[in-house]
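One structure, as structure tokens, below. Some questions next.
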Amino acid sequence: MEKYDLRLTGGEVFLEGHGTSTVDILIRDGRIAALTEPDAANDATEIVDITGKLVLPGGIDPHVHLGKDIRVPRDPDDAERETASAVAGGVTSILTYLMSSNSYVSEFEDAQAVMSGNSHANFGFHFVLGTPEHLEEFKDYMNLGVSSFKFFMNFRGDEGAYLGMPGNDDSFMYELLKKSAEHGAMINPHPENIELVRMLSDSTRDDSLPPLEAWNAARPPFVEADAAQRVAYLASVTGASVYCVHTSSNEALQAIARQRAAYPNLFIETCTQYLTLDTSSDVGVYAKVNPPVRPREDVESLWTAFANGQIDTVGSDHNARHRSNKDKSIWDASAGFPGMGTLVPMTLAEGLRRKISLATIVDAISTRSAKLFGMYPQKGLIAVGSDADLTVIDLNKPTKITAETQHSAADYTPWEGTEIPLSVAHTLVGGRFALRDGALTDICAGKYISRPHSGAAALEGRPS
Ligand SMILES: [Zn+2]
């Protein structure tokens, strides 16, 4: 009889299209080698009893920033510490944005060197494009297995200078959309109309408002919706696939939905913060982010869209801004916070509380990202032949979220003190325990994920 490396026995396993079934998972060489009845005999080196626990395809965080300057991971701890946060929260694969005005051919090599051997989770990259050289090298980037690219619509003039990015405009974006259509890639725009933001930041500034209300007033939903609508329309003109990152408001959601009615290759990401925090949350400046967290009505609209399957994915927009950058006024604090560790538990707990089907939730926190970003069926699926990236959830063991449970170097979480009724019991990356019985192991076995196509080309299975 063939020997397996590991048998997970007794779990309630989520199988796409079938809901959950009590089956055993047999793993060999990092992949799922067989799914069998719990009483079937099989020879495995190790057997782990997970009776009664829920087994999901490993969580995928499609929106991550690493590195102390949030541009590129440079030091081993940029990878190790932040991906510890990921696997502690049931995320087995992450897609990290590299941001540089240099050629990404060398940036890619450097980032890969930092991640390899130091990442608990599997990892791929999106590149932030902003220079003519980037456009010229587009095909080279595709050949590296990077097929999704960010464009900051708000980096007009010197707006992106603090992140080392040049200013650009809609003509650059148009060229980028055309290139991506031609090569089977996807563009992930940051949609905010910065000209309106500049004007509103002055005219709406009101220091008597609670911080998150003030920040929302300075960058209101229509600023996001206007930009989302523009890039979505230009996607239809060029035939590009566009993935609207961190959709935060009902206005933006509706703007994209209107365009999507006429042109299908538009995809919507929201983030855990927009599903769980609002302008009245007392976390204050720790939840400062762009786009801002919104009033409660927007949170409810996002959940309605989520339940209807209109939201494709949930990301975290994780970045490990240290708390010393946050302990300031809402106007002076850095935007962004860590979230890889909360994505799966918070979305799952809140989704289940709202009686949303497990299939819809799993799609948004794993499967759909795998499909859109060219990782399926290796990722996002529990099936024979798929990678053994698994998240095992204990639905009966509550968790209290604290900075400590998040492991991030940022040293705070906007969800500090939040109690949820479930916990991540085990996280397996490539068949090995990155988290076991709720405790991190020291295994950093994350592998680079090469993604030949993204967007429509990935969904159609276009050959590379
Ligand atoms: Zn981001």
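Hey, what angle do you get for helix 221-238 against the long axis of the chain, alpha-carbon based, 0 to 90 degrees rounded to 10?
80
Reachable aspartates and glutamates from residue 328, Cα under 20 Å, same-chain residues fewer than 8 places away excluded?
69, 202, 206, 207, 213, 278, 282, 411, 416
Considering just Cα atoms, how many Å³ per residue does the convex hull of segment 51-179 enclose?
121
Also, I was wondering about something else. Which angle between 0 and 90 degrees, to the nearest 10, do you get for helix 76-88 versus the longest principal axis of the chain when only C-alpha atoms count?
The answer is roughly 60 degrees.
Another question, then. Kindly flag which residue pairs out of 150/371; 139/326; 179/371; 326/379; 53/355; 139/379 have an alpha-carbon separation exceeding 28 Å in this structure.
139/326; 326/379
How long are the semi-axes of the ellipsoid equivalent to the chain, from square roots of 5 times the Cα gyration tensor eigenvalues, in whole Å, largest first?
So the three semi-axes of the chain are 34, 25, 21 Å.
Still on this structure, I have one more. Restricting the calculation to Cα positions, tell me the Rg (one decimal) and the Dmax (whole number) of segment 4-107 in Å.
Looking at segment 4-107, its Cα Rg and Dmax stand at 18.4, 57 Å.
Right, another one. Where does segment 212-268 land on Rg/Rh, using Cα atoms and the Kirkwood Rh?
In segment 212-268, Rg relative to Rh is 1.02.
Which whole-angstrom value gives the distance between the alpha carbon centres of segment 439-464 and segment 24-82?
14
Further question: Going highest first, how would you order 301-312, 384-395 by mean Cβ packing within 10 Å?
For the peptides 301-312, 384-395, the packing ranking is 384-395, 301-312.
Principal axes first, then extents: for the Cα atoms of segment 117-181, list largest minus smallest coordinate on each axis, whole Å, largest first.
39, 28, 16
Say R0 is 22 Å: what FRET efficiency, to the nearest 0.05, do residue 3 and residue 383 get from their beta-carbon distance?
Efficiency, rounded to the nearest 0.05: 0.55.
Something else about it: Roughly how far apart, in whole Å, are the Cα centres of segment 280-301 and segment 93-139?
Here the answer is 30 Å between Cα centres.
Within the chain, what percent of beta bridges assigned by DSSP are antiparallel, to the nearest 5?
45
Excluding ligands and nucleic acids, what accessible area in Å² is computed for residue 64 using a 1.4 Å probe, to the nearest 10?
Around 0 Å² of this residue is reachable by solvent.
Of all the C-alpha pairs in segment 157-231, what % are more than 17 Å from each other?
The calculated P(r) of segment 157-231 puts 57 percent of pairs beyond 17 Å.
What is the magnitude of the charge dipole of the chain about its Cα centre, with +1 placed on the Cβ of each Lys and Arg, -1 on the Cβ of each Asp and Glu, and no other charges, expressed in debye to the nearest 20?
Around 560 debye, computed over the chain.
The values are calculated or read from the model by the stated rules, or taken from the named source; none is laboratory data. Fair warning: this is a prediction, and the values are worked out from it, not measured in the lab. Using ideal geometry, Cβ is built from the backbone for each residue, glycine included, and neighbour counts are taken over all protein chains shown. For the accessible areas, the whole protein counts, side chains as well, though only heavy atoms, and no ligand, DNA or RNA atoms are used. Shrake-Rupley method; radii C 1.70, N 1.55, O 1.52, S 1.80 Å.
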